[in-house]
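Worksheet for the structure shown next.
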Amino acid sequence: MSAMTVLPWLVVIAVMIVGWMMFRSAEKKIVSLISEADITAKKNEQLDQDNKFRVAQVIKQEAELKALKAEFKAKQAELEAMEQIATVDSLTGLQNRHGLETFLNRTADIIRRDSHDLGTDRRKAIHNAVVLFIDLDEFKAVNDTHGHDVGDELLCAFACLLLETFKRPSDLVCRWGGDEFCIILNKMTLDEAYKLVAILGENIDKLNEARTRKGLCVIKASTGLGGAFELRSEMPIEKIVDSFRAAIKQADGTMYEVKSALRGG
């Protein structure tokens with residue numbers, strides 16, 4: 001066989017070999033790409049599962065947080081209701097002595113905050129207050145003669161009258177106990193307090209006219225003033241509260257002096 005006859009075949013064989021090698025190389029690349037695609041797909045699938053898990057966890061945590069908030073609000077409402085029961089007189093709806101203490105501490109805190117609002121000029125923050133102590137006269141006789149239901153009605157009627165007379169948000173009307181009432185008048189001078197006591201007397205007279213027409217027991221009351229006193233914003237809270245307590249004690253003593261004078265000594 002001549003060289004001219006063999007050469008074409010060699011070329012064909014060489015081309016086939018090169019083609020086969022290129023095919024194998026392409027095949028490897030395709031396999032590699034498919035493998036990488038599978039790996040990427042698996043990673044994406046895993047990421048998708050992880051994301052779904054995280055989303056589920058977030059939804060679960062949000063639900064738990066919502067439940068905790070609802071429970072907290074319920075507990076808070078329960079505590080507020082318990083505090084309301086603890087600080088309010090069940091008969092008249094007025095604050096009781098525990099409510100009075102809460103009010104005094106809150107008032108003292110407000111007075112103290114005035115010092116921060118004024119900065120270095122603290123001593124200009126002066127808080128005037130007056131304490132009244134009121135006792136119903138001949139109340140025991142009402143209970144003994146007409147019964148406790150009538151006495152309770154009288155107490156409730158007088159409590160409403162006090163709230164109508166002393167109605168500023170800064171003031172407090174408290175049932176001290178039995179037929180005794182304590183009133184805290186914040187930011188008020190003694191002259192202003194005397195005017196309010198006079199108005200209370202007029203209101204009692206008007207109410208008694210209506211009660212007499214209805215055949216109800218009339219209201220008789222003696223009032224004692226604790227005097228006007230000054231509270232400075234730089235004073236400690238405990239000292240402010242103690243000043244109120246001292247004024248209450250003084251008003252209580254004054255009230256009994258008034259009662260004694262009305263009885264003729």
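Criterion first (buried (at least 18 other Cβ atoms within 10 Å of the Cβ), touching an Asp or Glu at 6+ places or on another chain (Cβ under 9 Å) and either aliphatic (A, V, I, L, M) or assigned to a helix (DSSP H, G or I) (or both)) does Ile183 satisfy it? Judged against the criteria, Ile183 is a match. Picking from residues in the range 124-145 that are in a helix (DSSP H, G or I) and in contact (Cβ under 8 Å) with a residue 40 or more places away in the chain, the one that is nearest to the chain's Cα centre (by Cα) is Phe139.
Residues checked against (1) loosely packed, with under 10 Cβ neighbours inside 10 Å; (2) modelled with pLDDT of 75 or more; (3) of a type in the set (Val, Ile, Thr):
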site	(1), (2), (3)
Thr5	yes, no, yes
Ala14	no, no, no
Ala26	no, no, no
Val31	no, no, yes
Ala37	no, no, no
Thr40	no, yes, yes
Lys66	no, yes, no
Ala70	no, yes, no
Ala74	no, no, no
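Need pairs with beta-carbon distance below 8 Å; first residue over 22 Å from Thr223 (Cα atoms) and within the range 146-160, second part of a helix (DSSP H, G or I) and at pLDDT 95 or above; sequence gap 6+ or separate chains. Close Cβ pairs (under 8 Å, with a partner that is part of a helix (DSSP H, G or I) and at pLDDT 95 or above) do not exist here.
Results for (1) more than 28 Å from the chain's Cα centre (by Cα); (2) without any contact (Cβ under 8 Å) to a residue 12 or more places away in the chain; (3) within 24 Å of Ser90 (Cβ to Cβ), shown as yes or no for each residue.
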| site | (1), (2), (3) |
| --- | --- |
| Leu163 | no, no, yes |
| Gly177 | no, no, yes |
| Leu190 | yes, no, no |
| Asn203 | yes, no, no |
| Thr212 | yes, yes, no |
| Ile240 | no, no, no |
| Phe244 | no, no, no |
| Ser260 | yes, yes, no |
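Starting from residues that are in a helix (DSSP H, G or I) and among the acidic types (Asp, Glu), keep the ones in the range 213-265 and report whichever is surrounded by the fewest Cβ atoms within 10 Å (Cβ to Cβ). The qualifying residue surrounded by the fewest Cβ atoms within 10 Å (Cβ to Cβ) is Glu238.
The test for being under 30 Å from the mean Cα position of the chain (by Cα), modelled with pLDDT under 95 and part of a helix (DSSP H, G or I) holds for His116.
With the condition kept exactly as written, say whether any residue in the range 48-62 is among the small types (Gly, Ala, Ser) and either farther than 30 Å from Gly178 by Cα or at pLDDT below 80 (or both).
yes
Any residue in the range 146-159 that is in a strand (DSSP E or B) and either surrounded by fewer than 20 Cβ atoms within 10 Å (Cβ to Cβ) or among the aromatic types (Phe, Trp, Tyr) (or both)? No.
The values are calculated or read from the model by the stated rules, or taken from the named source; none is laboratory data. Just so it is clear, the model here is predicted, and its values are computed rather than measured. Note that each Cβ is placed from the backbone with ideal geometry, even for glycine, and that neighbours are counted across all protein chains shown.
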